[in-house]
Every structure is written in C-alpha cells, then in structure tokens.
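Encoded as structure tokens, the structure appears first; notes follow it.
The values are calculated or read from the model by the stated rules, or taken from the named source; none is laboratory data. Model, not experiment: these values are computed from the prediction. Cβ placement follows ideal geometry from the backbone for every residue including glycine, while neighbour counts extend to all protein chains displayed.
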Amino acid sequence: MQYYYTRKNPDARGVIQVHADRCKDLPEILERVYLGIFPNSSLAMNSAKEKLQLTKVRICTCCME
Ligand SMILES: [Zn+2]
C-alpha cells in the first residue's frame, strides 16, 4: 500500500498528475492534495477521477506499475 497525491493545479493541457509518496517529482506540500492509501496506481487514478470529477488524470511515469 502506498500514499498517493495529486498536484493541486492542472498542467497547461488541463491534466492532473497523480504521484506516489516515494516519487522524486512529488509536488511541494502546499502544491499537492492527499488522495489516500491504495494498493496500486490504477486504483489511485480511479479515486482521483471520482474525487476531482476529472477525466484528464495521468499517473506520473515513474510511479506507474
Ligand atoms: Zn513519480
């Protein structure tokens, strides 16, 4: 299980990125939103889509399983 976060603000394409807490690109504490604890990145992504009502959600490439 891992902690997952999203960046607070979408990038220029309107995409929100999801990161695991071990990520080297994890946003600064004020720039991120805690998502929850999930066994894998796809469950974290689903939760982000539901919670943020967004379809443009991507997992950070280094956090992908
Ligand atoms: Zn990452």
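Cβ separations smaller than 8 Å between residues 6+ apart or across chains give the following pairs from the stretch 53-65 residues that are free of Cβ contacts under 8 Å to residues at least 40 places away in the same chain to residues that are within 11 Å of the ligand (Cβ to nearest atom) and not small (Gly, Ala, Ser): CYS62/CYS23; CYS62/LYS24; CYS62/ASP25. Here LEU30 meets each of (1) modelled with pLDDT under 95; (2) out of contact with any Gly (no Cβ under 7 Å at 6 or more places or on another chain); (3) away from the ligand (no atom under 11 Å from the Cβ) with one exception, condition (1).
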